[in-house]
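Quick notes on the structure that follows.
The values are calculated or read from the model by the stated rules, or taken from the named source; none is laboratory data. Since the model is a prediction, treat every value here as computed from it, not as a measurement. Glycine gets a Cβ as well: all are built from the backbone with ideal geometry, and neighbour counts include every protein chain shown.
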């Protein structure tokens, strides 16, 4: 298991209690009509923790992130993120969306995309600022994207674009980094590179909440997981949750979990998936 990093200072503008959870939910429930995604969830995610949210399509993984972002409201219970109510956290929370390719003719350079994370929240016309330029250069270097800083984003590969999204998300030095399937459609090399970049933020003290359909690329980084299935959930370490007994109980049918060459293999899921399925839409949630 990757040990949790010591919390870093967030700066004078955002003081915090180093012992306070980065994410806190109490008796949290979420339903869409008669469909219950989860209920009575009590959860604390610590600063410096790499926390994954797992489960089949439609289980509520992305809705969990949307709840923390303030885009979806809990049916009951309370949620706090970075010490504030969801939707009121400003740049204390970074967000990496699902990988979607930019059209080839997108009139935006790599450094322009990253700069939106630095001052894109401000009103009015941007005046050229050396401080902004320095911060953008720093972020590009941090994610290994300096060589294509002036290249139009639509000309870049999926892995290169996702590096830029990571840079944009960490521009405000967030306390919490929310990641929605950030490795989707990336090859193994790019999965490893992007996972390492995200874990680097955890080592600096940010809490990482990582929604994924495939746990193996981040297995070495994980501290704990939340597994959601069929309106039920289980929270714990990978060893505690990703077992034949626990998943069989969550699904109500036999599910086999084994390790092969250091990788988790899950066989017999009721929806015929193996944690390597494509996103779906249920009208309320995408890639749940």
State all residues of region 55-84 that are assigned to a strand (DSSP E or B) and at pLDDT below 95; if no residue qualifies, say none.
84
Quick check on region 30-40: of everything there that is touching a strand residue (DSSP E or B) at 6+ places or on another chain (Cβ under 9 Å) and in contact (Cβ under 8 Å) with a residue 60 or more places away in the chain, which residue is nearest to residue 233 (Cα to Cα)?
38
Note on region 145-166: residues outside any loop (DSSP other than H, G, I, E, B) and closer than 14 Å to residue 99 by Cα are 153, 154, 158, 159, 160, 161, 162, 163, 164, 165, 166
Does residue 96 satisfy the criteria of being modelled with pLDDT under 95 and buried (at least 23 other Cβ atoms within 10 Å of the Cβ)?
yes
Under 7 Å by Cβ, and 6 or more places apart or on different chains, what pairs join a residue from region 196-225 that is free of Cβ contacts under 8 Å to residues at least 60 places away in the same chain with one that is part of a helix (DSSP H, G or I)?
197/163; 197/166; 217/191; 217/192; 217/195; 219/238
Tell me yes or no: at least one residue of region 22-31 is over 24 Å from residue 89 (Cα atoms), in contact with a helix residue (DSSP H, G or I) (Cβ under 9 Å, 6 or more places away or on another chain) and not in a loop (DSSP other than H, G, I, E, B).
no
Applying the selection to region 248-270, what residues are in contact with a helix residue (DSSP H, G or I) (Cβ under 9 Å, 6 or more places away or on another chain) and modelled with pLDDT under 90?
262, 268, 269, 270
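Table: residues versus (1) without any contact (Cβ under 8 Å) to a residue 12 or more places away in the chain; (2) outside any loop (DSSP other than H, G, I, E, B); (3) in contact with a strand residue (DSSP E or B) (Cβ under 8 Å, 6 or more places away or on another chain).
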position	(1), (2), (3)
42	no, yes, yes
48	no, no, yes
86	no, no, yes
100	yes, no, no
In region 99-120, what residues are closer than 15 Å to residue 159 by Cα, buried (at least 16 other Cβ atoms within 10 Å of the Cβ) and at pLDDT below 90?
99
Any hit, region 76-83, residues being touching a strand residue (DSSP E or B) at 6+ places or on another chain (Cβ under 8 Å), touching a residue at least 40 places away in the same chain (Cβ under 8 Å) and surrounded by fewer than 14 Cβ atoms within 10 Å (Cβ to Cβ):
yes
Residue 245 fails exactly one of (1) exposed (fewer than 12 other Cβ atoms within 10 Å of the Cβ); (2) under 14 Å from residue 213 (Cα atoms); (3) at pLDDT 90 or above, namely (2)
